[in-house]
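Colleague: Submitted below is the structure of interest, expressed as C-alpha coordinates.
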(Lines give C-alpha, C1' and ligand atoms only; values in the text may rest on other atoms or scores of the structure.)
Protein backbone atom coordinates (compact mmCIF):
# COMPACT_ATOMS: atom_id res chain seq x y z
CA UNK A 1 0.00 0.00 0.00
CA UNK A 2 1.32 3.42 -0.97
CA UNK A 3 1.85 5.98 1.84
CA UNK A 4 -0.69 8.78 2.18
CA UNK A 5 2.12 11.34 2.38
CA UNK A 6 4.86 10.87 -0.27
CA UNK A 7 8.44 11.02 0.95
CA UNK A 8 10.70 13.90 0.00
CA UNK A 9 13.52 12.40 -2.07
CA UNK A 10 17.16 13.48 -2.02
CA UNK A 11 18.53 14.08 -5.56
CA UNK A 12 21.85 12.56 -6.68
CA UNK A 13 23.76 12.20 -9.92
CA UNK A 14 25.47 8.82 -9.72
CA UNK A 15 28.50 7.32 -11.48
CA UNK A 16 27.37 3.80 -12.40
CA UNK A 17 30.41 2.79 -14.45
CA UNK A 18 31.79 0.40 -11.85
CA UNK A 19 28.74 -0.37 -9.69
CA UNK A 20 27.31 -3.90 -9.74
CA UNK A 21 23.67 -3.61 -10.87
CA UNK A 22 20.79 -6.08 -11.17
CA UNK A 23 17.96 -5.52 -13.65
CA UNK A 24 15.08 -7.92 -12.99
CA UNK A 25 11.77 -8.57 -14.71
CA UNK A 26 10.12 -8.13 -18.07
CA UNK A 27 9.67 -5.50 -20.78
CA UNK A 28 10.28 -2.57 -18.44
CA UNK A 29 13.83 -3.78 -17.86
CA UNK A 30 14.74 -2.88 -21.46
CA UNK A 31 14.57 0.90 -20.86
CA UNK A 32 16.60 0.59 -17.65
CA UNK A 33 19.21 -1.51 -19.43
CA UNK A 34 19.47 1.01 -22.27
CA UNK A 35 19.96 3.87 -19.78
CA UNK A 36 22.60 1.92 -17.85
CA UNK A 37 24.46 1.12 -21.07
CA UNK A 38 24.24 4.76 -22.17
CA UNK A 39 25.86 5.81 -18.91
CA UNK A 40 28.70 3.32 -19.16
CA UNK A 41 27.63 0.72 -16.58
CA UNK A 42 30.01 -2.24 -16.94
CA UNK A 43 28.75 -4.67 -14.28
CA UNK A 44 25.06 -5.25 -15.12
CA UNK A 45 23.30 -8.57 -14.57
CA UNK A 46 19.88 -9.14 -16.15
CA UNK A 47 17.39 -11.67 -14.77
CA UNK A 48 14.24 -12.21 -16.83
CA UNK A 49 12.21 -15.44 -16.76
CA UNK A 50 10.47 -14.72 -20.09
CA UNK A 51 12.53 -12.09 -21.94
CA UNK A 52 11.35 -10.60 -25.21
CA UNK A 53 13.54 -10.98 -28.28
CA UNK A 54 14.46 -7.31 -27.92
CA UNK A 55 15.54 -7.72 -24.29
CA UNK A 56 17.40 -10.92 -25.15
CA UNK A 57 19.36 -9.09 -27.84
CA UNK A 58 20.09 -6.06 -25.66
CA UNK A 59 21.18 -8.09 -22.64
CA UNK A 60 23.29 -10.62 -24.55
CA UNK A 61 25.53 -12.71 -22.28
CA UNK A 62 24.34 -10.72 -19.24
CA UNK A 63 20.94 -12.46 -19.35
CA UNK A 64 19.81 -15.17 -16.93
CA UNK A 65 16.39 -16.61 -17.89
CA UNK A 66 15.13 -16.79 -14.31
CA UNK A 67 14.60 -14.67 -11.23
CA UNK A 68 17.62 -14.19 -8.97
CA UNK A 69 18.00 -16.20 -5.77
CA UNK A 70 19.61 -15.23 -2.49
CA UNK A 71 22.86 -16.80 -3.69
CA UNK A 72 22.88 -14.44 -6.70
CA UNK A 73 22.55 -11.41 -4.44
CA UNK A 74 25.37 -12.75 -2.28
CA UNK A 75 27.63 -13.42 -5.26
CA UNK A 76 26.98 -10.20 -7.20
CA UNK A 77 26.50 -7.94 -4.16
CA UNK A 78 24.62 -5.30 -6.21
CA UNK A 79 24.52 -1.66 -5.21
CA UNK A 80 21.46 -0.90 -7.36
CA UNK A 81 18.53 -3.15 -8.24
CA UNK A 82 15.90 -2.31 -10.86
CA UNK A 83 12.69 -4.37 -10.89
CA UNK A 84 9.91 -4.16 -13.48
CA UNK A 85 6.82 -6.14 -14.49
CA UNK A 86 6.76 -8.34 -11.38
CA UNK A 87 3.81 -8.56 -8.98
CA UNK A 88 4.02 -6.75 -5.67
CA UNK A 89 4.61 -9.83 -3.51
CA UNK A 90 7.49 -11.12 -5.64
CA UNK A 91 8.95 -7.61 -5.98
CA UNK A 92 8.80 -7.13 -2.21
CA UNK A 93 10.62 -10.43 -1.70
CA UNK A 94 13.35 -9.46 -4.16
CA UNK A 95 13.61 -6.06 -2.50
CA UNK A 96 14.11 -7.70 0.89
CA UNK A 97 16.90 -9.88 -0.53
CA UNK A 98 18.52 -6.81 -2.10
CA UNK A 99 18.41 -4.97 1.22
CA UNK A 100 20.25 -7.84 2.93
CA UNK A 101 23.31 -7.05 0.77
CA UNK A 102 22.88 -3.28 1.11
CA UNK A 103 21.43 -2.52 -2.35
CA UNK A 104 19.09 0.34 -3.17
CA UNK A 105 15.98 -0.76 -5.07
CA UNK A 106 13.70 0.77 -7.68
CA UNK A 107 10.47 -1.04 -8.54
CA UNK A 108 8.82 0.40 -11.63
CA UNK A 109 5.51 2.14 -10.85
CA UNK A 110 5.53 0.94 -7.23
CA UNK A 111 6.47 4.04 -5.23
CA UNK A 112 6.02 2.29 -1.88
CA UNK A 113 8.67 -0.29 -2.84
CA UNK A 114 11.23 2.24 -4.10
CA UNK A 115 14.33 3.43 -2.28
CA UNK A 116 14.92 5.92 -5.10
CA UNK A 117 13.04 7.35 -8.08
CA UNK A 118 14.19 7.98 -11.63
CA UNK A 119 13.49 11.54 -12.78
CA UNK A 120 12.44 12.65 -16.24
CA UNK A 121 15.75 13.51 -17.87
CA UNK A 122 16.93 15.88 -20.59
CA UNK A 123 20.54 15.55 -21.78
CA UNK A 124 22.45 18.01 -23.96
CA UNK A 125 26.04 16.76 -24.03
CA UNK A 126 27.28 17.12 -20.45
CA UNK A 127 24.27 19.21 -19.44
CA UNK A 128 21.70 17.07 -17.68
CA UNK A 129 18.41 18.59 -16.53
CA UNK A 130 16.15 16.38 -14.46
CA UNK A 131 12.58 16.83 -13.26
CA UNK A 132 11.09 14.88 -10.38
CA UNK A 133 7.79 14.94 -8.51
CA UNK A 134 9.10 12.56 -5.79
CA UNK A 135 7.37 9.74 -7.66
CA UNK A 136 3.90 11.25 -7.27
CA UNK A 137 3.18 12.49 -10.82
CA UNK A 138 5.52 10.94 -13.38
CA UNK A 139 3.38 12.15 -16.29
CA UNK A 140 3.76 15.75 -15.12
CA UNK A 141 7.53 15.36 -14.78
CA UNK A 142 7.72 14.10 -18.40
CA UNK A 143 5.51 16.97 -19.58
CA UNK A 144 7.76 19.57 -17.91
CA UNK A 145 10.85 17.83 -19.33
CA UNK A 146 9.37 18.00 -22.83
CA UNK A 147 8.64 21.72 -22.38
CA UNK A 148 12.22 22.41 -21.27
CA UNK A 149 13.52 20.34 -24.19
CA UNK A 150 11.42 22.19 -26.75
CA UNK A 151 11.44 25.76 -25.44
CA UNK A 152 14.51 26.28 -23.25
CA UNK A 153 17.35 23.78 -23.61
CA UNK A 154 17.82 23.07 -27.32
CA UNK A 155 20.67 21.09 -28.90
CA UNK A 156 22.93 24.17 -28.85
CA UNK A 157 23.37 23.73 -25.09
CA UNK A 158 25.81 20.86 -25.57
CA UNK A 159 28.35 23.24 -27.16
CA UNK A 160 27.58 25.93 -24.59
CA UNK A 161 28.48 23.61 -21.73
CA UNK A 162 31.74 22.69 -23.48
CA UNK A 163 32.55 26.39 -23.91
CA UNK A 164 31.92 27.12 -20.23
CA UNK A 165 33.93 24.07 -19.16
CA UNK A 166 36.93 25.14 -21.25
CA UNK A 167 36.72 28.71 -19.94
CA UNK A 168 36.44 27.49 -16.36
CA UNK A 169 39.54 25.31 -16.73
CA UNK A 170 41.44 28.35 -18.00
CA UNK A 171 40.20 30.56 -15.16
CA UNK A 172 41.23 27.92 -12.60
CA UNK A 173 44.73 27.87 -14.09
CA UNK A 174 44.79 31.64 -13.69
CA UNK A 175 44.09 31.18 -9.99
CA UNK A 176 40.51 32.43 -9.70
CA UNK A 177 38.86 31.60 -6.39
CA UNK A 178 35.72 29.46 -6.23
CA UNK A 179 33.56 32.55 -5.75
CA UNK A 180 35.28 34.34 -8.65
CA UNK A 181 34.75 31.29 -10.87
CA UNK A 182 31.04 31.45 -10.16
CA UNK A 183 30.93 35.13 -11.05
CA UNK A 184 32.95 34.56 -14.24
CA UNK A 185 30.57 31.83 -15.38
CA UNK A 186 27.56 34.03 -14.66
CA UNK A 187 29.15 36.94 -16.56
CA UNK A 188 29.89 34.79 -19.60
CA UNK A 189 26.34 33.38 -19.66
CA UNK A 190 24.96 36.92 -19.41
CA UNK A 191 27.23 38.24 -22.20
CA UNK A 192 26.13 35.40 -24.47
CA UNK A 193 22.47 36.01 -23.60
CA UNK A 194 21.85 32.32 -23.01
CA UNK A 195 19.42 32.68 -20.11
CA UNK A 196 17.24 35.65 -20.88
CA UNK A 197 14.71 36.61 -18.26
CA UNK A 198 11.10 36.76 -19.49
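The values are calculated or read from the model by the stated rules, or taken from the named source; none is laboratory data. Because the structure is predicted, anything quoted here is derived from the model rather than measured. Neighbour counts run over all protein chains shown; Cβ positions are idealised from the backbone, glycine included.
Colleague: Right, residue 188: part of a helix (DSSP H, G or I), out of contact with any helix residue (DSSP H, G or I) (no Cβ under 8 Å at 6 or more places or on another chain) and not assigned by TED's automatic domain parsing to the domain that holds residue 67 or not? So that I can check it myself, show each step before the final result.
Modeller: On the way: part of a helix (DSSP H, G or I): yes; out of contact with any helix residue (DSSP H, G or I) (no Cβ under 8 Å at 6 or more places or on another chain): no; not assigned by TED's automatic domain parsing to the domain that holds residue 67: yes.
Considered against the rule, which asks whether it is part of a helix (DSSP H, G or I), out of contact with any helix residue (DSSP H, G or I) (no Cβ under 8 Å at 6 or more places or on another chain) and not assigned by TED's automatic domain parsing to the domain that holds residue 67, residue 188 comes out as no.
Colleague: Identify the single condition in (1) more than 21 Å from the chain's Cα centre (by Cα); (2) modelled with pLDDT under 95 that residue 168 does not satisfy, given that it satisfies every other one.
Modeller: For residue 168, the exception is condition (2).
Colleague: Residues that are out of contact with any helix residue (DSSP H, G or I) (no Cβ under 7 Å at 6 or more places or on another chain) and more than 30 Å from residue 157 (Cβ to Cβ): find the helices (runs of 4 or more DSSP H) completely inside the stretch 20-126 holding 2 or more of those. Step through it out loud before you land on a result.
Modeller: Details: elements: 28-38, 53-59, 70-76, 88-100.
In the stretch 20-126, 53-59, 70-76, 88-100 are the helices (runs of 4 or more DSSP H) which contain 2 or more residues that are out of contact with any helix residue (DSSP H, G or I) (no Cβ under 7 Å at 6 or more places or on another chain) and more than 30 Å from residue 157 (Cβ to Cβ).
This table checks each residue for (1) more than 30 Å from residue 79 (Cβ to Cβ); (2) free of Cβ contacts under 8 Å to residues at least 24 places away in the same chain.
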residue: 107; (1), (2): no, no
residue: 130; (1), (2): no, no
residue: 139; (1), (2): no, yes
residue: 155; (1), (2): yes, no
residue: 165; (1), (2): no, no
residue: 181; (1), (2): yes, yes
residue: 189; (1), (2): yes, no
residue: 196; (1), (2): yes, yes
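Colleague: Then there's this: Testing residue 6 on (1) modelled with pLDDT under 95; (2) in the same structural domain as residue 97 (by TED's automatic domain parsing); (3) assigned to a loop (DSSP other than H, G, I, E, B), one condition comes back false. Which one is that?
Modeller: Status for residue 6: all satisfied but (2).
Colleague: Report, ordered by the first and then the second residue, all pairs with beta carbons closer than 6 Å, sequence separation of six or more or different chains, a first member in the stretch 80-102 that is under 12 Å from residue 69 (Cα atoms), and a second member that is at pLDDT below 95.
Modeller: Matching pairs, first to second residue: 95/113.
Residue by residue, here is whether (1) surrounded by 13 or more Cβ atoms within 10 Å (Cβ to Cβ); (2) more than 19 Å from residue 16 (Cβ to Cβ); (3) outside the structural domain of residue 24 (by TED's automatic domain parsing) holds:
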position: 71; (1), (2), (3): no, yes, no
position: 76; (1), (2), (3): yes, no, no
position: 92; (1), (2), (3): yes, yes, no
position: 108; (1), (2), (3): yes, no, no
position: 139; (1), (2), (3): no, yes, yes
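Colleague: With the checklist (1) closer than 22 Å to residue 127 by Cα; (2) in the same structural domain as residue 109 (by TED's automatic domain parsing); (3) in contact (Cβ under 8 Å) with a residue 24 or more places away in the chain in hand, flag the one item residue 11 doesn't pass.
Modeller: The single condition residue 11 does not satisfy is (2).
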